[in-house]
Structures are given as C-alpha cells and as structure tokens.
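Here's the structure we're looking at; comments come further down.
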C-alpha cells in the first residue's frame with residue numbers, strides 16, 4: 001500500500017502567524033516547526049529568485065530525514081524561455097538545489113498564461129524537458145486553456 005503524504009503549498013503565510021505558528025516563533029524557525037506536523041511542502045520562493053547555497057542548506061537542516069519537497073522552477077526558465085541564457089539558467093538553478101537532491105519529490109514547471117498551445121511552445125517545452133536533469137519527476141502546469149485535455 002502506498003504512503004499518503006500530506007503537506008501545504010509552502011510554509012510562510014502571514015495569517016499562519018496567528019493561527020498555526022506560536023506567537024513569538026521567529027520566521028527562521030517556521031519550516032522546522034511546520035515539519036513537526038507535515039512531511040511535505042512546496043518551495044515557492046524558488047520561482048522568484050535563485051536561492052543561495054546557505055538557504056538551501058538551511059532547508060536541509062530544518063527538516064527530518066523523511067521530509068520531501070516539491071520545488072517550483074525559477075521563472076527565468078518557465079517565463080523567459082526565449083532568453084539565450086536559458087540553458088545556463090537551467091544548469092544554475094539545478095546546481096543550486098543539488099544539496100536537496102534526496103529530499104526533492106518533484107519539480108513544478110508553471111508556465112505563464114501567454115504560453116499558448118502552438119508548435120513553437122510545444123518545442124520549447126520539449127527543449128526544456130531535454131535540458132533538465134532526468135532523474136526527477138516534473139509536474140507541468142499550463143495556465144492557458146488552449147491546450148487540449150486528454151482524460
């Protein structure tokens with residue numbers, strides 16, 4: 001029987017400071033506290049900025065051995081896919097997250113609403129999927145309704 005893993009899409013929400021986290025708990029301890037109750041979360045901040053190695057090692061130290069992450073892929077990859085530095089951005093992003101390798105369950109590639117269903121974008125998606133490390137699972141979120149739905 002498969003294990004069910006429950007977690008939230010992140011651990012830093014303003015309203016959680018009043019409802020979930022103890023009143024005087026510093027922000028730096030939120031992930032450690034969260035990990036006492038859940039064994040899974042999404043790292044959303046990686047969408048906006050490349051994390052420093054110190055931050056990545058901090059995440060690693062703050063969670064137990066069985067904890068897993070979904071990591072949202074940096075928007076420089078999913079939103080600026082025409083950038084001539086795309087391959088370099090892919091390499092840099094995955095290199096930064098290497099210390100978390102054993103804790104990453106999957107990566108979320110969230111494409112923008114203007115990423116329409118057309119051959120050029122399908123080729124871009126295929127290109128990105130060829131360039132990312134092949135030893136992970138990738139979740140693809142397409143935010144445009146022109147993509148066909150197969151059930």
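Restricting the search to the stretch 60-72, which residues are part of a strand (DSSP E or B) and either over 20 Å from residue 102 (Cβ atoms) or in contact (Cβ under 8 Å) with a residue 40 or more places away in the chain (or both)?
Kept after step one, since they are part of a strand (DSSP E or B), are these residues of the stretch 60-72: 68-72.
Listed by number, the residues that qualify are 68, 70.
Can you pull out every residue in the stretch 14-26 that is within 19 Å of residue 58 (Cα to Cα) and out of contact with any helix residue (DSSP H, G or I) (no Cβ under 7 Å at 6 or more places or on another chain)? Selection gives 26 alone. Applying the criterion of being out of contact with any helix residue (DSSP H, G or I) (no Cβ under 7 Å at 6 or more places or on another chain) and modelled with pLDDT of 95 or more to the residues of the stretch 74-85, the residue that is surrounded by the most Cβ atoms within 10 Å (Cβ to Cβ) is 78. Residues in the stretch 87-95: is at least one farther than 29 Å from residue 115 by Cα, part of a helix (DSSP H, G or I) and in contact (Cβ under 8 Å) with a residue 12 or more places away in the chain? Within the stretch 87-95 (the criterion being farther than 29 Å from residue 115 by Cα, part of a helix (DSSP H, G or I) and in contact (Cβ under 8 Å) with a residue 12 or more places away in the chain), the answer is no, since none of the residues qualifies.
Condition check: touching a strand residue (DSSP E or B) at 6+ places or on another chain (Cβ under 8 Å) and either within 18 Å of residue 131 (Cα to Cα) or assigned to a loop (DSSP other than H, G, I, E, B) (or both). Does residue 77 satisfy that? Full working, then the answer.
On the way: touching a strand residue (DSSP E or B) at 6+ places or on another chain (Cβ under 8 Å): yes; either within 18 Å of residue 131 (Cα to Cα) or assigned to a loop (DSSP other than H, G, I, E, B) (or both): yes.
For residue 77, the condition - touching a strand residue (DSSP E or B) at 6+ places or on another chain (Cβ under 8 Å) and either within 18 Å of residue 131 (Cα to Cα) or assigned to a loop (DSSP other than H, G, I, E, B) (or both) - is met.
Residue count for the stretch 102-121 satisfying the condition of being surrounded by 12 or more Cβ atoms within 10 Å (Cβ to Cβ) and either within 18 Å of the chain's Cα centre (by Cα) or outside any loop (DSSP other than H, G, I, E, B) (or both): 11.
Scanning the stretch 1-59 for residues that are part of a helix (DSSP H, G or I) and either within 13 Å of the chain's Cα centre (by Cα) or under 21 Å from residue 76 (Cβ atoms) (or both) gives 45, 46, 47, 53, 54, 55, 56, 59.
Looking only at the stretch 27-65, residues that are farther than 27 Å from residue 93 by Cβ and either modelled with pLDDT under 95 or touching a helix residue (DSSP H, G or I) at 6+ places or on another chain (Cβ under 6 Å) (or both) come to 0 in all.
The values are calculated or read from the model by the stated rules, or taken from the named source; none is laboratory data. Here the structure is a predicted model, which is why all the values come from computation and not from measurement. Reconstructed Cβ throughout: ideal geometry from the backbone, glycine too, with neighbour counts over all protein chains shown.
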